[in-house]
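Trainee: Dropping a structure here in structure tokens format, bear with me for questions.
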Protein chains: 2
Amino acid sequence: MIGIFDSGVGGMTVARAVETLLPEFQLIYYGDLARTPYGSKSPETITGYSIDNTEFLLNRGAKAIIIACNSAASIAAELLRQKFDVPIFEVITPAVDRAVSTTVSGNIGVIGTRATIRSNIYDEKIKQKAPQFRIYSQSCPLLVPLVEEGWLDSRETKMILRKYLAPLKQKNIDTLVLGCTHYPLLKDLIQHRMGRNKIRLIDSSIEVALTLKTHLEETAALRNLLSRGSDNRYFVSDITQAAINTAEKIFGRHIVLEKV
Amino acid sequence: MIGIFDSGVGGMTVARAVETLLPEFQLIYYGDLARTPYGSKSPETITGYSIDNTEFLLNRGAKAIIIACNSAASIAAELLRQKFDVPIFEVITPAVDRAVSTTVSGNIGVIGTRATIRSNIYDEKIKQKAPQFRIYSQSCPLLVPLVEEGWLDSRETKMILRKYLAPLKQKNIDTLVLGCTHYPLLKDLIQHRMGRNKIRLIDSSIEVALTLKTHLEETAALRNLLSRGSDNRYFVSDITQAAINTAEKIFGRHIVLEKV
């Protein structure tokens, strides 16, 4: 089965995209709610947690891993690929590929947590593919708590978004990468703020699911390993009402969270 | 020495008050930044973390413990008192005592994290002392992330505070308990919002330090156990620039954080 991990429930936007695009495969999710959030923690701590989470999924039978947390992906993906002998997908590379193929002006914006933006990974990966492009990054540390509070359409969230997005509005960007799996829940507000016909938003949750789909179409060996067993399962290291609410908001239906 | 723990650096407001009121005693601090925040987590998870933190401090030689996190104090104080054979102080009881002796109208407001407010502990403790009083509680989950971002005077913080405090402004309260050790950093904004001459704010950081001081004046045995050894030490389970900045804001000077 496909193993997906995130610092909390934000990565369920990835699980949902995988479920939609690849309904024939079983998935297992792990959300580290007992230690959430990751984006404000140090690289060493995020790396340690990413190893724990991957081991949990492999022990439960995962044959491929998706790192559904941009903070973890930005810091720990390479190390996880060296350490574990399974295909490891993550939310950053597919979003970078899409951004590079989408932009016309070559001016790309990226928003994410502090850990993701500090890692400079989007900048590096985009410049590897297109050294002439200009990348404008902005960390938006309060968006995750706002989403987790369910303040998806509040005046306060709009105001904070306006503050975070102001420097990006100054630049002539035509493409904006949502570099955190919580941000698709704010997609409409962000799109509205940046101008509906001016900016194309890149949703890393959808891009990683599309990449996995292509990979599975091309790779029979992995496809056979992953064939559907039983129902999808959603494990978490802590369970709260706020998490249950966010999960249901993402899936648009009731989701059983299992605490481990 | 005196051991103080918190989910992060907010509890340093307690350490600072203890340092100021009891400069002759050595203190050791533990901030669980690798798993912060606690206020949005479940009672079971918060209890487990509180046991870990107390054991860390006792192993380092603490002879008395202060739980400097309202979320942990509201959920785990009784269990820690049963489990460990040292005096355990916490931020709630002293604030309750002060609130009960301060109010004239008998209408008391309490603000805190979701875990603290859900636990209903302020309500119960105040009613034990004064069953006729009316308690109005409000959880303010975004204040901790706002403080940790250093947005101590931003328009957005003011707006969010206005939203949280609006229901309390409707009530005829004359006393408001700051039921989270991060909130003293927003004291001026809160005081301004609630009316400078109308509301007395209760700062649990100062109250717990005063309680400890009184206790030490009355209890020679504990006083002798705690006598000053060497310098105060500040341990954390993760270290980030934001934490360093908040620590310095609280102390008004450079603080060495030691990662363990």
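The values are calculated or read from the model by the stated rules, or taken from the named source; none is laboratory data. Note that this is a predicted model, so its numbers are computed, not measured. So basically every Cβ, Gly included, is an ideal-geometry build from the backbone, and we count neighbours across all protein chains shown.
Trainee: If a residue must be surrounded by fewer than 21 Cβ atoms within 10 Å (Cβ to Cβ) and among the β-branched types (Val, Ile, Thr), how many such residues does the range B:1-22 contain?
Mentor: Qualifying residue count, the range B:1-22: 1.
Trainee: Here is a follow-up. Can you work out which of the residues in the range A:93-139 that are at pLDDT 95 or above and charged (D, E, K, R) is farthest from A:Ile67 (Cα to Cα)?
Mentor: A:Arg134
Here is a yes/no grid of residues against (1) in contact with a Leu (Cβ under 8 Å, 6 or more places away or on another chain); (2) in a loop (DSSP other than H, G, I, E, B); (3) of a type in the set (Ser, Thr, Tyr):
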site: B:Thr20; (1), (2), (3): no, no, yes
site: B:Glu44; (1), (2), (3): no, no, no
site: B:Asn53; (1), (2), (3): no, no, no
site: B:Phe56; (1), (2), (3): no, no, no
site: B:Ile66; (1), (2), (3): yes, no, no
site: B:Ala76; (1), (2), (3): no, no, no
site: B:Leu79; (1), (2), (3): no, no, no
site: B:Gln82; (1), (2), (3): no, no, no
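Trainee: Might you check whether a residue that is of a type in the set (D, E, K, R), within 14 Å of chain B (Cβ to nearest Cβ) and surrounded by fewer than 20 Cβ atoms within 10 Å (Cβ to Cβ) occurs anywhere in the range A:227-250? Walk me through it before giving the result.
Mentor: Filtering the range A:227-250 for residues of a type in the set (D, E, K, R) gives A:228, A:231, A:233, A:238, A:248-249.
Next, only the ones that are within 14 Å of chain B (Cβ to nearest Cβ) stay: A:238.
Those still in the list that are surrounded by fewer than 20 Cβ atoms within 10 Å (Cβ to Cβ) too: none.
Looking through the range A:227-250, none of the residues is of a type in the set (D, E, K, R), within 14 Å of chain B (Cβ to nearest Cβ) and surrounded by fewer than 20 Cβ atoms within 10 Å (Cβ to Cβ).
Trainee: Moving on to the next point. As an exercise: evaluate A:Asn172 against (1) over 13 Å from A:Cys140 (Cα atoms); (2) modelled with pLDDT of 95 or more and give the number of the one condition it does not meet.
Mentor: (2)
Trainee: Condition (residue is among the aromatic types (Phe, Trp, Tyr), away from chain A (no Cβ under 14 Å) and assigned to a helix (DSSP H, G or I)) applied to the range B:86-107: is it met by at least one residue? Please lay out each step first, then the result.
Mentor: Within the range B:86-107, the subset among the aromatic types (Phe, Trp, Tyr) is B:89.
Within this subset, residues satisfying the condition of being away from chain A (no Cβ under 14 Å) are B:89.
Add one more test, that the residue is assigned to a helix (DSSP H, G or I), and what stays is none.
The answer is no; no qualifying residue exists.
Trainee: Determine which single condition B:Phe56 fails, assuming it passes every other condition in (1) buried (at least 24 other Cβ atoms within 10 Å of the Cβ); (2) closer than 22 Å to B:Ala243 by Cα.
Mentor: Tallying (1) buried (at least 24 other Cβ atoms within 10 Å of the Cβ); (2) closer than 22 Å to B:Ala243 by Cα, B:Phe56 fails exactly one: (1).
Trainee: When the residues of the range B:112-130 are narrowed to those that are surrounded by 24 or more Cβ atoms within 10 Å (Cβ to Cβ) and either free of Cβ contacts under 8 Å to residues at least 24 places away in the same chain or of a type in the set (Gly, Ala, Ser) (or both), which ends up farthest from B:Arg98 (Cα to Cα)?
Mentor: Checked the range B:112-130; the qualifying residue farthest from B:Arg98 (Cα to Cα) is B:Ala115.
Trainee: For the range B:114-142, which residues satisfy the criterion of being among the polar types (S, T, N, Q), assigned to a helix (DSSP H, G or I) and either within 15 Å of B:Ser42 (Cβ to Cβ) or touching a Phe, Trp or Tyr at 6+ places or on another chain (Cβ under 9 Å) (or both)? First the steps, then the outcome.
Mentor: Of all residues in the range B:114-142, those among the polar types (S, T, N, Q) come to B:116, B:119-120, B:128, B:132, B:137-139.
Right, trim to assigned to a helix (DSSP H, G or I) and you get B:116, B:119, B:128.
Selection gives B:Thr116, B:Ser119.
Trainee: Here is a follow-up. Would you confirm whether any residue within the range A:54-75 is over 16 Å from A:Val208 (Cα atoms), in contact with a Cys (Cβ under 9 Å, 6 or more places away or on another chain) and away from every other protein chain (no Cβ under 14 Å)? Break it down into steps so the answer makes sense when it comes.
Mentor: First, pick out the residues of the range A:54-75 that are over 16 Å from A:Val208 (Cα atoms): A:54-63, A:75.
Then keep just the ones that are in contact with a Cys (Cβ under 9 Å, 6 or more places away or on another chain); that gives none.
No, that holds for no residue.
Trainee: Okay, moving on. Which of the residues belonging to the range A:195-222 are free of Cβ contacts under 8 Å to residues at least 40 places away in the same chain and in a helix (DSSP H, G or I)?
Mentor: Hits for the range A:195-222 are A:Thr214, A:Glu217, A:Glu218, A:Ala220, A:Ala221.
Trainee: Could you tell me which residue of the range A:29-53 is nearest to B:Ser50 (Cα to Cα), considering only residues that are within 14 Å of chain B (Cβ to nearest Cβ) and in contact with a strand residue (DSSP E or B) (Cβ under 6 Å, 6 or more places away or on another chain)?
Mentor: Only one residue tops the list, namely A:Leu33.
Trainee: Give the residues of the range A:223-242 that are closer than 30 Å to B:Lys41 by Cβ, touching a helix residue (DSSP H, G or I) at 6+ places or on another chain (Cβ under 8 Å) and not in a loop (DSSP other than H, G, I, E, B), sorted by residue number.
Mentor: A:Tyr234, A:Phe235, A:Val236, A:Ala242
Trainee: Sticking with this one: Quick test for you: out of B:Leu186, B:Leu257, B:Leu201, pick the one residue that is modelled with pLDDT of 95 or more, in contact with a strand residue (DSSP E or B) (Cβ under 9 Å, 6 or more places away or on another chain) and within 14 Å of another protein chain (Cβ to nearest Cβ). Talk me through it step by step, then tell me what you get.
Mentor: Working: B:Leu186 fails: within 14 Å of another protein chain (Cβ to nearest Cβ); B:Leu201 fails: within 14 Å of another protein chain (Cβ to nearest Cβ).
After ruling out the rest, the residue left standing is B:Leu257.
Trainee: Here's a follow-up. Pairs under 7 Å by beta carbon, first residue within 16 Å of B:Thr113 (Cα to Cα) in the range B:46-72, partner crowded, with 22+ Cβ neighbours inside 10 Å and charged (D, E, K, R), six or more apart or different chains?
Mentor: If the second residue must be crowded, with 22+ Cβ neighbours inside 10 Å and charged (D, E, K, R), the pairs left are B:Ile67/B:Glu90; B:Ala68/B:Asp6; B:Cys69/B:Asp6.
Trainee: Scan the range B:17-35 and report the pairs whose first residue is in contact (Cβ under 8 Å) with a residue 12 or more places away in the chain and whose second residue is surrounded by fewer than 24 Cβ atoms within 10 Å (Cβ to Cβ) and acidic (Asp, Glu), with Cβ atoms within less than 6 Å and a gap of 6+ or a chain change.
Mentor: Going by the 6 Å Cβ cut-off, the qualifying pairs are B:Leu33/B:Asp238; B:Ala34/B:Asp238.
Trainee: For B:Ser71, are the conditions met, namely being within 12 Å of the chain's Cα centre (by Cα) and crowded, with 24+ Cβ neighbours inside 10 Å?
Mentor: Values: within 12 Å of the chain's Cα centre (by Cα): yes; crowded, with 24+ Cβ neighbours inside 10 Å: yes.
Judged against the criteria, B:Ser71 is a match.
Trainee: Right, here's the next one. Which one is modelled with the lowest pLDDT, of the residues in the range A:144-157 that are in a helix (DSSP H, G or I) and facing chain B (nearest Cβ under 10 Å)?
Mentor: Residue satisfying both the conditions and the ranking: A:Glu148.
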